[in-house]
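First up is the structure itself, then whatever we jot down about it.
The values are calculated or read from the model by the stated rules, or taken from the named source; none is laboratory data. What you are looking at is a predicted structure, and each value in this text was computed from that prediction instead of being measured. Note that we place each Cβ from the backbone using ideal geometry, even for glycine, and neighbour counts take in every protein chain shown. Remember, those area values only see protein heavy atoms, side chains included, never the ligands or the DNA or RNA. Shrake-Rupley method; radii C 1.70, N 1.55, O 1.52, S 1.80 Å.
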Amino acid sequence: MNILVVILNYRTPTLTINCLRSLVPEVQSQPNIQVVAVDNCSGDGSVAQIQEAIKAEGWGEWASLLPLDKNGGYAFGNNAAIRPALQSSDPPDFVWLLNPDTEVRRGAMQPLINFLQTHPQVGIVGSRLEHP
């Protein structure tokens, strides 16, 4: 099973890096996760900061950065990562959209996958949001 996680960044590199860091346990427990951090033309150094974190933390096998030349909004940014993945020879079974301020709790992905597998007629699920 292939899973694509998309994080859309716009001038929030620290939050995006923290979101990536929170995904490490999920990546370790699910073998076929690819994460794309999309930079929505931030113009504030986000690209360099996120790219450096991916390199420094050794996340390059599962995480990549897609810098965009224009900010076309939320859907545009997410679709910039989703469209080519769906058109690839090995498209994802599931796509998980995360805002950069998301901190994923350990084990959060599996219940979502289980629900979607058990209910194939469902096209979208959401996780519980908690405020610290």
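Some notes on this structure:
- Springs between Cα atoms under 10 Å define the GNM used for the chain, and in it the highest mean-square fluctuation of Ala37, Ala75, Ala108 occurs at Ala75.
- Largest accessible area first, the residues Cys19, Cys41 order themselves as Cys41, Cys19 under a 1.4 Å probe with ligands, DNA and RNA left out.
- Taking all Cα pairs closer than 8 Å and separated by 6 or more residues, the relative contact order of region 1-75 comes to 37 percent.
- Positive minus negative residues near Val104 (Lys, Arg vs Asp, Glu; Cβ under 14 Å): 0
- Rounded to the nearest 20 debye, the dipole magnitude of region 47-132 is 180 debye, with +1 charges on Lys and Arg beta carbons, -1 on Asp and Glu beta carbons, and the Cα centre as origin.
- Summed side-chain charge close to Thr14 - residues other than Thr14 whose Cβ falls under 14 Å, Lys, Arg +1, Asp, Glu -1: -4
- Computed over protein heavy atoms with a 1.4 Å probe, the carbon and sulfur contribution to the accessible area of the chain reaches 52%.
- Comparing Gln49, Gln117, Gln34 in a Gaussian network model of the chain, where Cα atoms under 10 Å apart are tied by springs, the biggest mean-square fluctuation is seen for Gln117.
- Surrounding net charge for Ser46, when Lys and Arg each add one and Asp and Glu each subtract one, Cβ distance under 13 Å: -2
- Relative contact order (%) - region 6-132, alpha-carbon pairs under 8 angstrom, separation at least six: 34 percent
- Per DSSP, loop GluC sites (Glu not before Pro) in region 1-84 with at most 12 further Cβ within 10 Å: Glu61
- The chain: angle of helix 46-57 to the longest principal axis, Cα-based, in degrees nearest 10: 60 degrees
- Think of the chain as having a plus end and a minus end, set by charges on the Cβ of Lys, Arg, Asp and Glu; of Asn40, Cys19, Leu112, Leu112 sits farthest toward the positive end of this dipole.
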